[in-house]
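Input: a single structure, listed below in structure tokens.
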Amino acid sequence: MVKTLPLFEALEKLDLPDMRTNLFFSPEWFRVIRQAYRPRIFMKYIEDAGRVRSYVVYTVVRNFLEWKICVLSYCDYCDASVASEDDWREIFASFRQDFPEYRMAVRSLRDDKVRNCGCFHELSRERFHLLDIRADVDTLWKGLDGSFRNQVRQGERRGLICREGKLEDLKQFYLLHVNLRRSKYRIFAQPYRFFRAIWDEYIAKGQGFLLCGIAPDGKMVGGTIFLVCGNTLYYKINTSSPQALEYRSNNVLLWEGIRRAKERGLEAVDLGSSGLEQQGLVHFKDSTGAERFDIVHVGYHPEGYLFSQKRILKVYTRLMTAPWVPTLLTRAGSHLIYPFLA
């Protein structure tokens, strides 16, 4: 029998296998999501002889955009701890019973069982890169593409300084991120409370760091938030100034992050997801020598389901990220809309 509990009650009461297998399947990340967006997060689980055998963490989304069950919102990917395809079918049946009018969405990296259980169909794919850093630093440097190494040298020659950021640097990093997302992609940045939640849950506790790229005039021209979970460093959020590309801060900061991961004794760098249309970003990650995988989006929708009102979101986003809109108004727009983007 499939049982259901609110997530944080389940974390207190149950002994859960596979917890902390990666950043996005950890209590720390769940707390970041709760602090930043306040979604409704639950767990469905199956017990065997008094022990949890399989479980799924999910959010319930019901707003003017759509009704959706998501495993799990605000994650690059989320492989549930499900023991078999049969267990997935039982959990799916429980979802259908509880939420007959909702669609479902799962972002799967390593979970073949959810893809093969017969309950879902493939929606789309994203690229994912994982860099093995168990070799020595010299070998890792040589494993970088020649153009990547040249850009690191170029940034260093131009005087870019890498330093670890403090809390007072987080706001400048955030403003760079807002301006880049608006000017280059015409999309919203996450609200500042998301970055502050990451700081409080990870960086303030020594489980991550903000690397700042500082130009010779003292201005921040790039930054990257790295987080640590298990034996892996996560290249979580990167930004840079489009007006200071000559400093090659993206390359310099990533290489410095790899070096720091080695100093911590870590074994891998998770470079995150990239849309198939983001060819420049995919090439950038390819040039590190990282192995490439696919994140597979699978889903289900009931007969007659009316898909989300994305046209409303598109109009709102294009309006609030227009060049003539003040940055303060763009930031306010992201604070209003992001809780609806689960």
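Derivation of every value follows stated rules applied to the coordinates shown; laboratory data play no part. Everything quoted here is computed from the prediction, not taken from an experiment. FYI the Cβ positions are ideal-geometry reconstructions off the backbone, even for glycines, and counts take in every protein chain you see.
Below, the figures for the structure above:
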| quantity | calculated |
| --- | --- |
| Region 19-74 shape via C-alpha gyration tensor axes, a/c threshold 1.5 | oblate |
| Rg/Rh for region 129-295, where both radii come from Cα atoms and Rh is the Kirkwood radius | 0.93 |
| Cα gyration tensor category, rounded, prolate or oblate, for region 110-189 with a/c compared to 1.5 | oblate |
| Listed candidates [x] 6, 23, 34, 29, 8, 1, 0; [y] 5, 19, 22, 17, 14, 10, 7, 4, 1, 0; [z] 5, 23, 33, 25, 12, 2, 0 - label of the one calculated as P(r) over Cα pairs in 10 Å bins from 0, in percent | [z] |
| Whichever lysines have a C-alpha closer than 27 Å to that of LYS68, once near sequence neighbours (fewer than 8 apart) are set aside | LYS3, LYS13, LYS44, LYS113, LYS236, LYS310, LYS314 |
| Gaussian network model of the chain, springs between alpha carbon atoms under 10 Å - residue of ARG182, ARG107, ARG40 with greatest fluctuation | ARG40 |
| Unit charges on C-beta of K, R, D, E only; dipole of the chain, Debye | 1340 debye |
| Structure-based [θ]222 nm, the chain - -39500 (n - 2.57) summed over DSSP H runs of at least 4, per residue, nearest 500 | -11000 deg cm²/dmol |
| Charge context of ASN116, other residues only, Cβ under 14 angstrom, K/R +1, D/E -1 | -3 |
| Principal axes of region 242-342: Cα extent on each, largest first, Å | 50, 41, 25 |
| Amide H contacts under 5 Å for ILE295, placed H, 5+ residues apart | GLU126, ARG127, PHE128 |
| Order of LEU109, LEU131 - criterion: other Cβ atoms within 10 Å of each residue's Cβ, fewest first | LEU109, LEU131 |
| Dimensions in Å of region 12-151 - Rg and Dmax from alpha carbons | 18.3, 58 |
| Within region 129-295: Cβ-based charge dipole about Cα centre, in debye rounded to nearest 20 (Lys, Arg +1; Asp, Glu -1) | 500 debye |
| Nearby aspartates and glutamates by direct alpha-carbon distance to LYS142 (threshold 20 angstrom, same-chain neighbours under 8 apart not counted) | ASP132, GLU156, GLU256, GLU263, GLU267, ASP270, ASP286, GLU291 |
| Charge tally in the Cβ shell below 12 Å around ALA290, where Lys, Arg are +1 and Asp, Glu are -1, ALA290 excluded | -2 |
| Rounded to 10°, Cα long-axis angle of helix 249-263 versus longest principal axis of the chain | 70 degrees |
| Positive dipole terminus of the chain, leading residue within GLN279, ASN22, CYS117 (C-beta point charges) | GLN279 |
| The chain - percent relative contact order, Cα under 8 Å, separation 6 or more | 24 percent |
| Positive minus negative residues near ALA10 (Lys, Arg vs Asp, Glu; Cβ under 10 Å) | +1 |
